[in-house]
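Trainee: I am attaching a structure below and will ask some questions about it afterwards.
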Amino acid sequence: MKKRVMCFGTFDIIHPGHIKFLTRARALGDELFVVVSRDERRAAIRGKTPVHTQAERVVVLSSLSAVTQALAGKKDDILAIIRKIKPSIIALGHDQVYGVDVLQSWCASQKNPPQIVRLPAYKRSRYSTSRIKEDLCPSNP
């Protein structure tokens, strides 16, 4: 049976930090499933909508060699995809906080929960979607 890894994120403007994160996540197993945040969830968390739609972000991520499958996040149940895919490992980004408490609580209630692994930042000061947006459009971050 293949070892499945799952990660979550917005992945709005793909940059080297994202590529490094996805490559590191894939190295943890045989398959990598990437759950792409919904536009409205991202707006609720950060107060801004992504530049690219969820569907566009799924297309971009699906084209990357490290990604086995990119999936759109569910509207009301962030655990639905985890229950469906049944990953062995869930890789979290260095700054990922949204939903982590729900995830940890759910894992604690499972007989054979996935292992949660927090991956380190890659050149954090240089690669940031927010910083890229500010550099490209200083008056409209």
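The values are calculated or read from the model by the stated rules, or taken from the named source; none is laboratory data. All values reported here derive from a predicted model rather than from experimental measurement. A quick note on method: Cβ atoms are made from the backbone with ideal geometry, for glycine too, and the neighbour counts reach across all protein chains shown.
Trainee: Kindly indicate the residue of region 100-121 that is of a type in the set (A, V, I, L, M, F, W, C) and in a loop (DSSP other than H, G, I, E, B) and also nearest to the chain's Cα centre (by Cα) among those meeting that condition.
Mentor: It comes out as L119.
Trainee: Which ones in region 93-108 are surrounded by fewer than 13 Cβ atoms within 10 Å (Cβ to Cβ), over 16 Å from A80 (Cα atoms) and touching a Leu at 6+ places or on another chain (Cβ under 9 Å)?
Mentor: Within region 93-108, H94 is the sole residue that qualifies.
Trainee: Given the conditions (1) in a helix (DSSP H, G or I); (2) of a type outside the set (V, I, T); (3) at pLDDT below 90, report the number of the one that K20 does not fulfil.
Mentor: For K20, the exception is condition (3).
Trainee: Is it the case that some residue within region 75-91 is of a type in the set (S, T, Y) and surrounded by 17 or more Cβ atoms within 10 Å (Cβ to Cβ)?
Mentor: The answer is yes; a qualifying residue exists.
Trainee: Looking for something among the basic types (K, R) and at positive phi - is there at least one such residue anywhere in region 94-111?
Mentor: Filtering region 94-111 down to residues among the basic types (K, R) leaves 111.
Then keep just the ones that are at positive phi; that gives none.
Within region 94-111 (the criterion being among the basic types (K, R) and at positive phi), the answer is no, since none of the residues qualifies.
Trainee: May I pose another question? Find all pairs meeting these conditions: Cβ atoms under 8 angstrom apart; at least six residues apart or on different chains; first residue within region 95-106 and closer than 11 Å to R118 by Cβ; second residue in a loop (DSSP other than H, G, I, E, B) and of a type outside the set (D, E).
Mentor: Going by the 8 Å Cβ cut-off, the qualifying pairs are D95/A121.
Trainee: Let me ask something else about it. For the structure I just gave you, tell me whether I13 is within 23 Å of T53 (Cβ to Cβ) and either surrounded by fewer than 17 Cβ atoms within 10 Å (Cβ to Cβ) or free of Cβ contacts under 8 Å to residues at least 24 places away in the same chain (or both). Outline the logic, then answer.
Mentor: Working: within 23 Å of T53 (Cβ to Cβ): yes; either surrounded by fewer than 17 Cβ atoms within 10 Å (Cβ to Cβ) or free of Cβ contacts under 8 Å to residues at least 24 places away in the same chain (or both): no.
Against the criterion (within 23 Å of T53 (Cβ to Cβ) and either surrounded by fewer than 17 Cβ atoms within 10 Å (Cβ to Cβ) or free of Cβ contacts under 8 Å to residues at least 24 places away in the same chain (or both)), I13 does not qualify.
Trainee: Could you tell me which numbered condition L92 fails, if it satisfies all but one of (1) in contact (Cβ under 8 Å) with a residue 60 or more places away in the chain; (2) hydrophobic (A, V, I, L, M, F, W, C); (3) out of contact with any Phe, Trp or Tyr (no Cβ under 9 Å at 6 or more places or on another chain)?
Mentor: Tallying (1) in contact (Cβ under 8 Å) with a residue 60 or more places away in the chain; (2) hydrophobic (A, V, I, L, M, F, W, C); (3) out of contact with any Phe, Trp or Tyr (no Cβ under 9 Å at 6 or more places or on another chain), L92 fails exactly one: (3).
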